[in-house]
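J.: Take this structure, written in structure tokens, and hold onto it; I'll ask about it next.
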């Protein structure tokens, strides 16, 4: 018994070391001298957000994109068709590039570092566990099922797509995992694959539901992040800006109009629309640099900080860091560059 306990402890220690190895690598190898440019902000200090956060919001979105890729893959295939390892390595590789770049914009603060490491380790553990099951037992039950998907294959694909869409604007821990698990039980047939999906995916949902509850409590104790930000815009009249969805015109400055907007995916669509209507951006949340992602059929792009192939789409995501004053021109030039805007990363 002691021998088996020793072996189990060794496996746990090795597993923990494996999960923490990327953290150690990022801390030791992805470094650069910390610097902050001398930029005189227009907006008042209470409206400022740390500039490095435009870079460090991407790791969270990498996970959102991974779920979207997964939904895309299982929409036409099976979970074992998804390449779990590239999704994991893509997270840590992109974080390394972004950590290095963030050093020139004030660097990662302790809170941001803890966040990206925590979610990175959780994401790695989740995908490794999911890969271990789907590449073995999951693949076996899919093989026994035959080429036609079972009812719960279709339902889990639908749930994955809805979850991926949900994450575009709402934190993951607010998803109704319990309701999704109940739906599996209620729609399962007597088919072997359905019983397996109901048990395996249902347990995954139940575990995530419990974990989500803990995260929600932690967020409530420290306070949720701001859902809106301010920016300075030129090129459009106040009436035109006020007519945009969920946009509030605050005041006029010599540099332009100060407006308040929602954040996250809603902000991306607003910036895209404003640029198309002739707006130019002067400053966002007290900063003059901003990260955005775009997709194209080309595996590389000039000026990209990092590029990553999207599963299920057959194209590549590119990360670009640009000046806020150049953002509108970049957005208007997307079609000419044979790219499609994916997301503008706020702070």
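Readers should treat all values here as calculations from the given coordinates under stated rules, not as data from a laboratory. Note that the structure is predicted; figures quoted are calculated from it, not measured. Positions of Cβ are generated from backbone atoms using ideal geometry, with glycine treated the same way; all protein chains shown enter the neighbour counts.
J.: With axes computed from alpha carbons, what is the tilt in degrees of helix 192-222 against the longest principal axis of the chain, rounded to the nearest 10 within 0 to 90?
T.: 40 degrees
J.: On to the next question. For residue 3 and residue 29 in one chain, what is 0.36 nm times their gap in residues minus the Cα-Cα distance, to one decimal in nm?
T.: Difference between extended and current length: 5.6 nm.
J.: Considering the values (i) 72, 44, 43; (ii) 57, 51, 42; (iii) 55, 47, 39, which represents Cα extents along the principal axes in Å as calculated for the structure under consideration?
T.: Matching the structure shown: (i).
J.: Compute the distance in nm between two label points, each set 7 Å from the Cα along the Cα-to-Cβ direction, one at residue 17 and one at residue 225.
T.: Computed distance between label sites residue 17 and residue 225 equals 3.4 nm.
J.: Additional query: Among 250, 63, which comes first, second and so on when ranked by fewest other beta-carbon atoms within 10 Å?
T.: Numbers: 250 15, 63 20.
Ranked by crowding around the Cβ, least crowded first: 250, 63.
J.: Give me Rg/Rg_expected for region 228-345, where Rg uses Cα atoms only and Rg_expected = 2.2 N^0.38 Å with N residues. Don't jump to the answer; show the numbers that get you there.
T.: Details: Rg = 14.7 Å, N = 118, 2.2 N^0.38 = 13.5 Å.
Compared with the compact-globule rule of thumb, region 228-345 sits at 1.09.
J.: Just to verify a number: FRET efficiency for residue 190 and residue 166, C-beta to C-beta distance, R0 = 30 Å, to 0.05?
T.: Numbers: r = 31 Å, r/R0 = 1.02.
E between residue 190 and residue 166, to the nearest 0.05, is 0.45.
J.: Against the globular-protein guess of 2.2 N^0.38 Å, express the Cα radius of gyration of region 144-285 as a ratio, rounded to two decimals. Walk me through the intermediate numbers first.
T.: Working: Rg = 22.1 Å, N = 142, 2.2 N^0.38 = 14.5 Å.
Against the compact-globule rule of thumb, the ratio is 1.53.
J.: Turning to a different aspect of this structure: Any idea what angle helix 2-29 forms with the longest principal axis of the chain, computed on alpha-carbon atoms, 0 to 90 degrees, nearest 10?
T.: For 2-29 against the chain, the angle is about 20 degrees.
J.: If every alpha-carbon in region 140-201 counts as one equal scatterer, what log10 I(q)/I(0) does Debye give at q = 0.18, 0.24 1/Å?
T.: With no solvent term, the Cα-only Debye profile gives -0.65, -0.96.
J.: Over region 228-345, what is the relative contact order in percent, taking alpha-carbon pairs closer than 8 angstrom and at least six residues apart?
T.: Working: 228 pairs, mean separation 31.7, N = 118.
Result for region 228-345 is 27 percent.
J.: Still on this structure, I have one more. Compute a Gaussian network model of the chain, connecting alpha carbons closer than 10 Å, and tell me which residue from 316, 34, 110 fluctuates the most.
T.: The residue that fluctuates most here is 110.
J.: Now for a different question. With label points built 7 Å along Cα→Cβ from the Cα atoms of residue 140 and residue 242, find their separation and express it in nm.
T.: Distance between the two pseudo-spin positions: 6.7 nm.
J.: Report the equivalent ellipsoid semi-axes for region 72-217 in whole Å, largest first, defined as the square roots of five times the eigenvalues of the gyration tensor built from alpha carbon atoms.
T.: Working: eigenvalues 208, 64, 30 Å².
Sorted largest first and rounded, they come to 32, 18, 12 Å.
J.: Turning to a different aspect of this structure: Ratio of alpha-carbon Rg to the 2.2 N^0.38 Å globular estimate for region 275-333, to two decimals, please. Numbers along the way, then the final one.
T.: Numbers: Rg = 12.9 Å, N = 59, 2.2 N^0.38 = 10.4 Å.
With N residues counted in region 275-333, Rg over 2.2 N^0.38 Å equals 1.25.
J.: Shifting gears a bit: When you have a sec, figure out the Kirkwood radius of region 60-143 from all distinct Cα pair distances and drop it here in Å to one decimal?
T.: Values: mean 1/r = 0.0709 Å⁻¹.
Evaluated on region 60-143, it is 14.1 Å.
J.: Angle between the Cα long axis of helix 264-276 and the longest principal axis of the chain, 0 to 90 degrees, nearest 10?
T.: In the chain, helix 264-276 runs at an angle near 40 degrees to the longest axis.
J.: Sorted by average packing, counted as other Cβ atoms within 10 angstrom per residue and highest first, what order do 16-29, 114-127, 204-217 take? Before the final figure, lay out each step's value.
T.: Working: 16-29: 13.4, 114-127: 17.3, 204-217: 15.1.
The densest-packed peptide leads the list: 114-127, 204-217, 16-29.
J.: Continuing with this model, one more query. Restricting to Cα atoms and excluding each atom paired with itself, what does the Kirkwood estimate give for region 219-291 in Å? Kindly include the intermediate steps, with their values, before the conclusion.
T.: Working: mean 1/r = 0.0781 Å⁻¹.
In region 219-291 this quantity evaluates to 12.8 Å.
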